[in-house]
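Nothing in this text is a laboratory measurement; each read-out follows from the coordinates by a stated rule. Note that this is a predicted model, so its numbers are computed, not measured. Here the Cβ is made from the backbone with ideal geometry for all residues, glycine too, and neighbour counts use every protein chain on show.
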Ligand SMILES: Cc1cc2nc3c(=O)[nH]c(=O)nc-3n(C[C@H](O)[C@H](O)[C@H](O)COP(=O)(O)OP(=O)(O)OC[C@H]3O[C@@H](n4cnc5c(N)ncnc54)[C@H](O)[C@@H]3O)c2cc1C
């Protein structure tokens, strides 16, 4: 481990989906790699039980490879029954479902295998830089001690472009009026009977979001039947349906687009629920975000009650886990050499300097029951150019994950965890190459060196 005033080849800031992938990728490619995370554990939203979206297109084709394949293989070795796999919601997406505890063990196993050095409970508070080159990071560990660590390259996987901002790069946040997507607290319930839930949707298809994507080639009732036949509880109970709609009207439930139910364990009959939400807040302000936790916790209790009382299959279910942090969908995005646009995403545009692929629909949650959902054309994937990872004006800083250069619509797609893993992998590999080849600027790296094992 680098000590006070230590030296590393690559420092990754942020231990979420993107940072983990970047750290494994950089270390695997020979870089002495430090992963710095301000929280007490890694994972971010990865281990809360939500499906990994952006991994399979709406046609069911896998579009992220490399580190993701290694994660899946490792999880399967630890406990094959914990791997559920890609599941179609018969609405618009496939989500990759793995029991989150096994995902956590699998990822930690890869961190061990590739000798990634971890620094938890430690916040990067500043950078030392000159002429667009960051020479070292100032890191506050618990107790307030400041450690300075030098490096050749920095991966900004902070979720909001925090390191880019410290180095003088430009950040955009939210829409033009600084409106952000709502925050949520996801949780899990076990002892759920899947068959009665799926039967309820089969017999009342208007209660769920279904058949939104033309590539599925199904009408609503047919999609409900396909969902029933799949046996997987991957269901979005819609606010436009009678049951949730009525509960929202009477105040039994808070307003939300849908109560999203996804499988986390077949053995434990467990699902993840994503249904709480508070909108209209500035997600870049930690005081405001922190203040939402007690109210979100209240919404968790209400949602569990709603499901137990009104949704078949949940009568004997109980809460088995609650996410360890408030889920923030949107903060800052870097301004990079190329800004991925909403039309790049929905038109499935290809780029010559592609380093990762995304496939999730433009998915922007709004206030109340609002949500924008625009699928990618023909169930294809879209390309993410290397330029989206390179902040304007900076040389040895590269971004990964949710904060890469994108307009708000594109960000509503590439923010999902599968795509974050993909851009993290590319950024980590690029950082290892920069350090190994003693290059000074990410712009001098050949894109085909990065993509040979990640893009197929
Ligand atoms: C409620 C909700 C539901 C979602 N549903 C899904 C879903 O079903 N499927 C899906 O695939 N995606 C989903 N997403 C999106 C997805 O979870 C996130 O966009 C993604 O995990 C972001 O990953 P990231 O690595 O870019 O950022 P993060 O996971 O936010 O990681 C960034 C990390 O950087 C750390 N950090 C920041 N600044 C510093 C600093 N200065 N020093 C040290 N550490 C720092 C933070 O503590 C954080 O842990 C959802 C998101 C939310 C909030």
### Query
What does the helix-only formula give at 222 nm for the chain: each DSSP H stretch with n ≥ 4 adding -39500 (n - 2.57), the total divided by the residues, and the result rounded to the nearest 500 deg cm²/dmol?
-8500 deg cm²/dmol
### Message
Give me the percent relative contact order of the chain, please, defined on Cα pairs under 8 angstrom at least 6 residues apart.
### Response
23
### Task
Percent of Cα-Cα pairs per 5 Å bin, from 0 to the last occupied bin, for region 54-168, please list those.
2, 10, 14, 14, 14, 13, 12, 11, 7, 2, 0
### Task
Quick one: angle between helix 194-203 and the longest Cα principal axis of the chain, in degrees between 0 and 90, rounded to 10, please.
70
### Summary
The answer for the per residue Cα convex hull volume of region 134-215, in Å³, is 272
### Task
Arrange the following residues from fewest to most other Cβ atoms within 10 Å of their Cβ: 423, 264.
264, 423
## Note on the structure
Debye calc, one equal point scatterer per Cα of region 291-385, no solvent, log10 I(q)/I(0) at q = 0.21 1/Å comes to -1.07
### Query
What is the spread of the Cα atoms of region 1-62 along each of their three principal axes, largest first, in whole Å?
49, 26, 11
## Note on the structure
Under Stokes-Einstein, region 183-328 at 25 °C and 0.890 mPa s, with its Kirkwood radius over C-alpha pairs, diffuses with a coefficient in µm²/s of 156
### Query
Sorting 369, 352, 125 on the 10 Å Cβ count, fewest up front, what's the list?
352, 125, 369
### Query
Using the alpha-carbon atoms, what tilt in degrees (0 to 90, nearest 10) does helix 220-230 show relative to the longest principal axis of the chain?
70
### Query
Semi-axes, largest first, in whole Å: what does sqrt of 5 times each Cα gyration tensor eigenvalue give for region 349-409?
25, 17, 7
### Query
What does the convex hull of the Cα atoms of region 258-317 come to per residue, in Å³, rounded to a whole number?
105
#### Entry: Average silhouette area of region 1-129, convex hull of alpha-carbon atoms, in square nanometres
9.0
### Query
According to the Kirkwood expression over distinct Cα-Cα pairs, how big is the hydrodynamic radius of the chain, in Å?
22.0
#### Entry: Alpha-carbon gyration tensor eigenvalues x 5, square-rooted, for region 327-430, Å
22, 16, 11
